[in-house]
Structures are given as C-alpha cells and as structure tokens.
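To keep things clear, I will list the structure first and then write my remarks on it.
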Amino acid sequence: MRTVKTISPLLVKAYRSAHYYVHHGDEVLLLKVGGVNHALAKLMKAYGASTATFLTAYNPHSEICSAKDNQAAHQQLLADLQTDQIESILGFGSDPADQWDPEESVLAFGLSLSQAEKKADQYGQNAFVWIANSEGFVNLKLRYDLANPTAHELSHWISQLPEQLRVVASDLAGSEQKWLLTVGDEEQRHWLEPHAWDLNHPWPIARPDGCAISAGTEMDRMFKLAANGLEKMYP
C-alpha cells in the first residue's frame, strides 16, 4: 500500500513562525507569514512582478542533509531559474528559536501558483512562501495534507494550556485540534476563548486552516462592527 505523505502540525507551526529574509542591495527585508510587507510590495512593483515565491532547495521534506548536498541543490535551483529566465534575488529562512540552521533561499518573481508548486515539488519541499499579488501579503502554501498529531503531541499541547482552556481544547474535533497546533500561542487562545473576543482589537485574518470567511476572523469583526451601529458620518 502506498504511504500518503502528510505534514506534522508542529512542523507547519515552525514554518509559520520562521523568519524569511530577502537581500536587496544594502537592505534586508524580513517576511513573516500572515502579514503584509510594504517593502516587499514596493520591491515587486520595481521588478514589474504580480507574484513572488520564496523557496529553498535545502533539506527536502525537512530532513537534514549535509552542507554539501544542500549547497548543490541550492545552486541547481539558481541555475534552473536562470535557464527559465525567472528573475530572482537571494534570501534565507531562519528559525527565531535557533533550533535549526538557516536555509539559503530565493525570492523568485512572476511564477504562477502552479509553477511555484511544481518548483517546490521538484526540490522536495513540504511548503513554500507565496505572495499572490503586488500588495505584499505573505502566505504559506503546503504541498501535502496536514497530519493528525500523535497522542503525545496532543496531550503535551493540552497540558501546556491555561487550566481553564484544557477542557475546551480536549472537546474540540480532531480536525480543529490539528489546525490549532499550527499557530502561535496567542492565536490559539483567540480560537479557544470566543467569549473574550474584543471588537476593539484586530482578529486573525483567517482561521488556522486559511478560511477568511468565518466566525472569529477579521472579516467577521468588521461585520459585527457594522451590525452594532458603525455608520458613515454624513447623510
């Protein structure tokens, strides 16, 4: 029977929390998943690009390779982009917790989503960073389905939550639990405490699974503000 490839929720959390840097002249741009980067938007417009893809060839499937193998794969990626006449600039991905070494990467301009997916698959990557338009919003794109957490991962996560949230987390459906494991602690608390949602503060742009049209998202907050009397100031 063929084994179906999946990605651990904790690995996806690491991808989401990673820092992605791009070298541009004397400037270094920091890209973070889930946010708009105005300097990136400006850079894309300077290159005349409507999309951008941040990609590495290091450590396929997040399995540690030798420095020699990683560098060879990186050079091959650069050569492939040059052959395909894809403009790109150098960068690197790093772990803010310093649990893994930086990975040399590239920011490639103008790839379609399907081209970016094929390039990620070619170099055995579980995911890549995708900027869908020149507004500079930074997305994470997975190439495989999200795995169910192990019993140990689930019990450890629940044990680390504040006591009042442990029962709430335990009672969630498995599909909800695994996606919650992919986001940071602050966002986890948002989804576990809907009674504490505050209309005065921005909410997450999307659910952990990427859906932006749902209760608890920023769009939902805007609808609630409108429903509660937000009106224009003139007739």
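The values are calculated or read from the model by the stated rules, or taken from the named source; none is laboratory data. These numbers were taken from a predicted model, which means no experiment stands behind them. Counting neighbours? That spans all protein chains shown, and the Cβs are built from the backbone with ideal geometry, glycine included. Keep in mind that these areas ignore ligands, DNA and RNA; they rest on the heavy atoms of the full protein, side chains included. Shrake-Rupley method; radii C 1.70, N 1.55, O 1.52, S 1.80 Å.
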Selected from 201, 38, 19 as most flexible by GNM, with the chain as the system and alpha-carbon contacts under 10 Å: 201
Whether region 39-179 is rounded, prolate or oblate, judged on the alpha carbon gyration tensor where a/c under 1.5 counts as rounded: prolate
Dipole-positive endmost among 58, 21, 37 within region 1-81 (Cβ charges, Cα centre): 37
Fraction of accessible area attributable to carbon and sulfur, the chain (%, probe 1.4 Å): 53
Cut-off under 5 Å, modelled amide H: who pairs with residue 206 long-range: 218
Entries in 68/119; 32/178; 13/118; 32/119; 32/118; 5/119 that, when Cα-Cα distance is taken, lie over 29 Å: none
Cα-based equivalent ellipsoid of the chain: semi-axis lengths in Å, sorted from largest, via gyration tensor: 33, 26, 15
Span-rule helices in the chain, defined as complete DSSP H runs reaching 18 Å or more along the axis (Cα) with Kyte mean at least 0.0: none
Sparse-neighbour loop sites [trypsin sites (Lys or Arg not before Pro); region 139-235; at most 11 other C-beta within 10 Å; DSSP]: 232
Per DSSP, loop GluC sites (Glu not before Pro) in region 131-168 with at most 14 further Cβ within 10 Å: 135
Cα centroid separation - region 94-148 against region 1-66, whole Å: 4
Estimated dipole of the chain in Debye, rounded to 20 [Cβ of Lys and Arg +1, of Asp and Glu -1, Cα centre]: 500
Cα gyration tensor shape of region 139-233, rounded if a/c is under 1.5, else prolate or oblate by comparing a/b with b/c: oblate
Which of 101, 95, 69 is most accessible, then next, and so on - probe 1.4 Å: 101, 69, 95
Label-reachable residues, region 23-38, where backbone N falls under 11 Å from a point 7 Å from residue 218's Cα toward its Cβ: 34-37
Accessible area, probe 1.4 Å, largest first, for residues 214, 114: 114, 214
Region 40-113: GluC sites (Glu not before Pro) in DSSP coil with no more than 12 other Cβ atoms inside 10 Å: 63
Residue-normalised accessible area of region 1-111, given per residue in Å² at a 1.4 Å probe: 57
Backbone N under 19 Å from the residue 199 label point (7 Å along Cα→Cβ), restricted to region 209-229: 214-229
When the convex hull of its Cα atoms is projected in every direction, mean area for region 1-81 (nm²): 8.0
